[in-house]
Amino acid sequence: TKLLENKVCIVTGAAGINGIGLRTAKLFYEHGASIVITDVNEQACDTVRSMFNEDRSLVLVANVVSKDDCERVASAVLEKFGRIDVLVNNAGITQPVKFDEIQPDDYDRILDVNLRGMLYMSQAVTPQMKQQGSGSIVNTSSVSAQRGGGIFGGPHYSAAKAGMLGLGKAMARELGAFGVRVNAVTPGLIATDITGGKLDDAMKQKILEGIPLNRLGKPEDVAKAFLFLASDLSDYITGATIDVNGGMHIH
Ligand code: NAD
(Lines give C-alpha, C1' and ligand atoms only; values in the text may rest on other atoms or scores of the structure.)
Protein backbone atom coordinates (compact mmCIF):
# COMPACT_ATOMS: atom_id res chain seq x y z
CA THR A 1 0.00 0.00 0.00
CA LYS A 2 1.01 3.55 -0.67
CA LEU A 3 1.41 5.47 2.55
CA LEU A 4 1.60 9.07 1.35
CA GLU A 5 -1.03 9.32 -1.38
CA ASN A 6 -2.14 12.97 -1.94
CA LYS A 7 0.36 14.27 0.62
CA VAL A 8 2.68 17.16 -0.12
CA CYS A 9 6.07 16.58 1.45
CA ILE A 10 9.04 18.94 1.70
CA VAL A 11 12.52 17.50 2.29
CA THR A 12 15.33 20.01 2.89
CA GLY A 13 18.93 19.34 1.86
CA ALA A 14 17.61 16.68 -0.48
CA ALA A 15 19.57 17.17 -3.71
CA GLY A 16 22.75 15.35 -2.67
CA ILE A 17 23.00 12.37 -5.00
CA ASN A 18 24.15 9.94 -2.27
CA GLY A 19 22.35 11.61 0.60
CA ILE A 20 19.60 10.65 3.02
CA GLY A 21 17.40 13.48 1.72
CA LEU A 22 17.20 12.37 -1.90
CA ARG A 23 16.64 8.74 -0.86
CA THR A 24 13.79 9.98 1.33
CA ALA A 25 12.27 12.07 -1.46
CA LYS A 26 12.37 9.02 -3.77
CA LEU A 27 10.72 6.76 -1.20
CA PHE A 28 8.00 9.33 -0.49
CA TYR A 29 7.45 9.71 -4.25
CA GLU A 30 7.10 5.93 -4.63
CA HIS A 31 4.47 6.12 -1.88
CA GLY A 32 2.38 8.55 -3.89
CA ALA A 33 3.50 11.87 -2.39
CA SER A 34 4.10 15.09 -4.24
CA ILE A 35 7.64 15.94 -3.24
CA VAL A 36 9.44 19.22 -2.76
CA ILE A 37 13.20 19.03 -2.75
CA THR A 38 15.15 22.01 -1.47
CA ASP A 39 18.91 22.41 -1.31
CA VAL A 40 21.49 25.18 -1.17
CA ASN A 41 23.52 23.41 -3.87
CA GLU A 42 22.25 24.78 -7.18
CA GLN A 43 24.07 22.30 -9.38
CA ALA A 44 22.76 19.35 -7.37
CA CYS A 45 19.25 20.77 -7.73
CA ASP A 46 19.64 20.84 -11.52
CA THR A 47 20.72 17.20 -11.51
CA VAL A 48 17.75 15.88 -9.54
CA ARG A 49 15.09 17.97 -11.28
CA SER A 50 14.72 15.47 -14.14
CA MET A 51 14.35 12.45 -11.84
CA PHE A 52 10.69 13.07 -11.08
CA ASN A 53 7.49 13.79 -12.95
CA GLU A 54 6.94 17.55 -12.99
CA ASP A 55 3.32 17.23 -11.82
CA ARG A 56 4.37 15.66 -8.57
CA SER A 57 7.65 17.41 -7.82
CA LEU A 58 9.21 20.77 -7.21
CA VAL A 59 12.94 21.38 -6.81
CA LEU A 60 13.96 24.69 -5.24
CA VAL A 61 17.34 26.21 -4.51
CA ALA A 62 17.06 27.53 -0.96
CA ASN A 63 19.24 28.07 2.07
CA VAL A 64 17.56 26.96 5.31
CA VAL A 65 19.52 29.61 7.22
CA SER A 66 17.69 32.36 5.30
CA LYS A 67 14.25 33.11 6.67
CA ASP A 68 13.35 34.71 3.33
CA ASP A 69 14.33 31.54 1.46
CA CYS A 70 12.25 29.40 3.82
CA GLU A 71 9.19 31.61 3.35
CA ARG A 72 9.73 31.62 -0.41
CA VAL A 73 9.74 27.80 -0.35
CA ALA A 74 6.48 27.65 1.60
CA SER A 75 4.80 30.13 -0.80
CA ALA A 76 6.00 28.26 -3.90
CA VAL A 77 4.73 24.95 -2.51
CA LEU A 78 1.33 26.42 -1.69
CA GLU A 79 1.10 28.01 -5.11
CA LYS A 80 1.84 24.72 -6.87
CA PHE A 81 0.19 22.15 -4.58
CA GLY A 82 -2.15 24.11 -2.28
CA ARG A 83 -1.16 22.33 0.93
CA ILE A 84 1.78 21.16 3.05
CA ASP A 85 1.50 17.85 4.89
CA VAL A 86 5.07 16.91 5.77
CA LEU A 87 8.34 18.70 6.43
CA VAL A 88 11.53 16.69 6.83
CA ASN A 89 14.25 18.94 8.23
CA ASN A 90 17.20 17.07 6.76
CA ALA A 91 19.66 19.78 5.68
CA GLY A 92 22.75 19.54 7.82
CA ILE A 93 26.50 20.01 7.89
CA THR A 94 29.20 18.67 10.16
CA GLN A 95 32.85 19.26 10.94
CA PRO A 96 35.21 16.78 12.63
CA VAL A 97 37.13 19.01 15.03
CA LYS A 98 37.92 18.92 18.74
CA PHE A 99 36.35 21.12 21.40
CA ASP A 100 39.20 23.62 21.68
CA GLU A 101 39.58 23.90 17.90
CA ILE A 102 36.07 25.26 17.31
CA GLN A 103 36.32 28.75 15.85
CA PRO A 104 33.53 31.33 16.19
CA ASP A 105 32.50 31.06 12.54
CA ASP A 106 32.52 27.23 12.71
CA TYR A 107 30.15 27.42 15.67
CA ASP A 108 27.86 29.76 13.75
CA ARG A 109 27.84 27.66 10.59
CA ILE A 110 27.17 24.34 12.29
CA LEU A 111 24.54 25.69 14.68
CA ASP A 112 22.89 27.75 11.93
CA VAL A 113 22.38 25.10 9.27
CA ASN A 114 21.31 22.32 11.64
CA LEU A 115 19.33 24.20 14.30
CA ARG A 116 18.37 27.66 13.03
CA GLY A 117 17.46 26.07 9.70
CA MET A 118 15.06 23.70 11.45
CA LEU A 119 13.43 26.64 13.25
CA TYR A 120 13.04 28.80 10.14
CA MET A 121 11.72 26.04 7.86
CA SER A 122 9.29 24.88 10.54
CA GLN A 123 8.06 28.44 11.14
CA ALA A 124 7.50 28.78 7.41
CA VAL A 125 5.23 25.72 7.11
CA THR A 126 3.35 25.61 10.43
CA PRO A 127 0.83 28.39 9.66
CA GLN A 128 -0.46 26.26 6.77
CA MET A 129 -0.37 23.01 8.78
CA LYS A 130 -2.31 24.67 11.62
CA GLN A 131 -4.90 25.92 9.17
CA GLN A 132 -5.26 22.40 7.76
CA GLY A 133 -5.42 20.97 11.28
CA SER A 134 -2.80 18.39 10.34
CA GLY A 135 0.86 18.01 9.55
CA SER A 136 3.97 16.04 10.39
CA ILE A 137 7.41 17.54 10.96
CA VAL A 138 10.37 15.18 11.18
CA ASN A 139 13.78 16.35 12.32
CA THR A 140 17.13 14.76 11.52
CA SER A 141 19.14 14.75 14.70
CA SER A 142 22.00 12.31 15.28
CA VAL A 143 23.37 9.67 17.66
CA SER A 144 25.96 12.38 18.22
CA ALA A 145 23.33 14.33 20.19
CA GLN A 146 22.75 11.37 22.52
CA ARG A 147 26.25 10.16 23.20
CA GLY A 148 28.15 13.46 22.95
CA GLY A 149 29.90 12.91 19.69
CA GLY A 150 29.56 10.66 16.72
CA ILE A 151 32.46 9.83 14.52
CA PHE A 152 32.44 12.74 12.12
CA GLY A 153 30.75 15.39 14.21
CA GLY A 154 32.55 17.76 16.53
CA PRO A 155 31.13 19.02 19.85
CA HIS A 156 29.37 21.92 18.13
CA TYR A 157 27.60 19.40 15.88
CA SER A 158 26.52 17.39 18.97
CA ALA A 159 25.21 20.60 20.49
CA ALA A 160 23.28 21.53 17.36
CA LYS A 161 21.78 18.05 17.00
CA ALA A 162 20.88 17.93 20.72
CA GLY A 163 19.32 21.37 20.30
CA MET A 164 17.16 19.96 17.53
CA LEU A 165 15.76 17.37 19.96
CA GLY A 166 14.86 20.04 22.53
CA LEU A 167 13.37 22.39 19.96
CA GLY A 168 11.37 19.55 18.42
CA LYS A 169 9.93 18.41 21.76
CA ALA A 170 8.88 21.98 22.61
CA MET A 171 7.27 22.29 19.17
CA ALA A 172 5.44 18.99 19.70
CA ARG A 173 3.87 20.36 22.90
CA GLU A 174 2.83 23.62 21.30
CA LEU A 175 1.58 22.27 17.99
CA GLY A 176 -0.21 19.11 19.17
CA ALA A 177 -3.45 20.99 19.75
CA PHE A 178 -3.47 21.89 16.04
CA GLY A 179 -3.01 18.31 14.88
CA VAL A 180 0.63 18.91 13.97
CA ARG A 181 3.07 16.19 15.06
CA VAL A 182 6.80 16.72 15.55
CA ASN A 183 9.26 13.85 15.86
CA ALA A 184 12.96 13.17 15.45
CA VAL A 185 15.20 10.50 14.01
CA THR A 186 18.69 9.93 15.40
CA PRO A 187 20.77 8.13 12.76
CA GLY A 188 24.01 6.39 13.62
CA LEU A 189 26.72 6.20 11.00
CA ILE A 190 25.12 6.27 7.55
CA ALA A 191 27.28 5.90 4.44
CA THR A 192 26.79 9.20 2.57
CA ASP A 193 28.99 12.04 1.31
CA ILE A 194 28.88 13.78 4.68
CA THR A 195 31.89 11.74 5.81
CA GLY A 196 33.87 13.52 3.07
CA GLY A 197 35.64 10.33 1.94
CA LYS A 198 37.44 10.16 5.29
CA LEU A 199 36.14 6.71 6.21
CA ASP A 200 38.89 4.14 5.42
CA ASP A 201 38.65 0.34 5.76
CA ALA A 202 40.48 0.08 9.08
CA MET A 203 38.26 2.74 10.58
CA LYS A 204 35.18 1.03 9.18
CA GLN A 205 36.19 -2.29 10.77
CA LYS A 206 36.64 -0.67 14.15
CA ILE A 207 33.27 1.03 13.93
CA LEU A 208 31.56 -2.24 12.95
CA GLU A 209 32.71 -3.86 16.19
CA GLY A 210 30.42 -1.46 18.02
CA ILE A 211 27.35 -2.09 15.83
CA PRO A 212 25.27 -5.17 16.82
CA LEU A 213 23.65 -5.36 13.37
CA ASN A 214 27.18 -5.46 11.93
CA ARG A 215 26.86 -3.00 9.07
CA LEU A 216 26.91 0.72 8.48
CA GLY A 217 23.59 2.38 7.85
CA LYS A 218 22.25 3.14 4.38
CA PRO A 219 20.30 6.28 3.42
CA GLU A 220 17.30 3.98 2.88
CA ASP A 221 17.37 2.89 6.54
CA VAL A 222 16.77 6.47 7.62
CA ALA A 223 14.29 7.14 4.79
CA LYS A 224 12.10 4.26 6.05
CA ALA A 225 11.92 5.78 9.55
CA PHE A 226 11.01 9.12 7.97
CA LEU A 227 8.28 7.40 5.98
CA PHE A 228 6.77 5.95 9.15
CA LEU A 229 6.83 9.31 10.94
CA ALA A 230 5.52 11.19 7.90
CA SER A 231 2.60 8.81 7.33
CA ASP A 232 -0.59 8.20 9.27
CA LEU A 233 0.93 4.97 10.62
CA SER A 234 2.38 7.20 13.34
CA ASP A 235 -0.70 9.36 13.90
CA TYR A 236 -0.60 9.03 17.71
CA ILE A 237 3.16 9.63 17.95
CA THR A 238 4.57 13.07 18.71
CA GLY A 239 7.62 14.30 20.59
CA ALA A 240 9.32 10.95 19.97
CA THR A 241 12.87 10.12 18.94
CA ILE A 242 13.56 7.04 16.81
CA ASP A 243 17.09 5.62 16.80
CA VAL A 244 18.28 4.32 13.43
CA ASN A 245 21.73 3.13 14.38
CA GLY A 246 21.95 -0.67 14.11
CA GLY A 247 22.19 -0.85 17.90
CA MET A 248 25.33 1.30 18.05
CA HIS A 249 23.78 3.20 20.95
CA ILE A 250 21.23 1.38 23.11
CA HIS A 251 19.83 3.34 26.05
P1 NAD B 1 24.72 15.09 2.71
O2 NAD B 1 25.88 16.02 2.85
O3 NAD B 1 24.66 14.14 1.58
O4 NAD B 1 23.36 15.91 2.72
C5 NAD B 1 23.18 17.18 3.28
C6 NAD B 1 22.53 18.08 2.25
O7 NAD B 1 22.22 19.32 2.87
C8 NAD B 1 23.45 18.39 1.06
O9 NAD B 1 22.78 18.10 -0.15
C10 NAD B 1 23.74 19.87 1.21
O11 NAD B 1 23.90 20.55 -0.03
C12 NAD B 1 22.51 20.35 1.96
N13 NAD B 1 22.74 21.60 2.68
C14 NAD B 1 23.84 21.99 3.35
N15 NAD B 1 23.69 23.21 3.86
C16 NAD B 1 22.44 23.62 3.50
C17 NAD B 1 21.70 24.81 3.71
N18 NAD B 1 22.22 25.84 4.39
N19 NAD B 1 20.45 24.89 3.19
C20 NAD B 1 19.93 23.86 2.49
N21 NAD B 1 20.59 22.71 2.25
C22 NAD B 1 21.83 22.59 2.75
O23 NAD B 1 24.69 14.30 4.09
P24 NAD B 1 23.66 13.24 4.72
O25 NAD B 1 24.50 12.28 5.45
O26 NAD B 1 22.67 12.76 3.75
O27 NAD B 1 22.96 14.16 5.81
C28 NAD B 1 21.58 14.39 5.92
C29 NAD B 1 21.24 14.72 7.36
O30 NAD B 1 21.48 13.58 8.19
C31 NAD B 1 22.08 15.85 7.98
O32 NAD B 1 21.25 16.64 8.80
C33 NAD B 1 23.08 15.10 8.82
O34 NAD B 1 23.59 15.89 9.87
C35 NAD B 1 22.23 13.95 9.31
N36 NAD B 1 22.97 12.79 9.80
C37 NAD B 1 23.81 12.09 8.98
C38 NAD B 1 24.49 11.00 9.48
C39 NAD B 1 25.43 10.21 8.63
O40 NAD B 1 26.16 9.37 9.18
N41 NAD B 1 25.49 10.39 7.33
C42 NAD B 1 24.30 10.61 10.82
C43 NAD B 1 23.44 11.34 11.62
C44 NAD B 1 22.76 12.42 11.10
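The values are calculated or read from the model by the stated rules, or taken from the named source; none is laboratory data. What you see is a predicted model, and the numbers here were worked out from it, not measured in a lab. Reconstructed Cβ throughout: ideal geometry from the backbone, glycine too, with neighbour counts over all protein chains shown. Calculation scope for accessible area: heavy atoms of the full protein, side chains included, ligands and nucleic acids excluded. Shrake-Rupley method; radii C 1.70, N 1.55, O 1.52, S 1.80 Å.
Between residues in the range 59-77 that are over 21 Å from K26 (Cβ atoms) and without any contact (Cβ under 8 Å) to a residue 12 or more places away in the chain and residues that are open to solvent by less than 60 Å² (accessible area, probe 1.4 Å) and part of a helix (DSSP H, G or I), which pairs lie under 8 Å by C-beta distance while being six or more apart or on different chains?
none
Run down M121, M203, M171 and say which single residue is open to solvent by less than 20 Å² (accessible area, probe 1.4 Å), at negative phi and assigned to a helix (DSSP H, G or I).
Of M121, M203, M171, the one residue that is open to solvent by less than 20 Å² (accessible area, probe 1.4 Å), at negative phi and assigned to a helix (DSSP H, G or I) is M121.
With the condition being within 12 Å of the ligand (Cβ to nearest atom), surrounded by fewer than 21 Cβ atoms within 10 Å (Cβ to Cβ) and at negative phi, I'd like the strands (runs of 3 or more DSSP E) fully within the range 1-108 carrying at least 2 qualifying residues.
57-61
I'd like to verify a number: residues in the range 226-251 that are within 25 Å of G32 (Cα to Cα), open to solvent by 50 Å² or more (accessible area, probe 1.4 Å) and not β-branched (V, I, T), how many?
Qualifying residue count for the region: 5.
What are the pairs with Cβ atoms under 6 angstrom where one residue, in the range 217-242, is of a type in the set (S, T, Y) and the other, located anywhere, is open to solvent by 20 Å² or more (accessible area, probe 1.4 Å)? Sequence gap at least six, or different chains.
So the pair list comes out as S231/L3; S234/F228; T238/G176; T238/R181.
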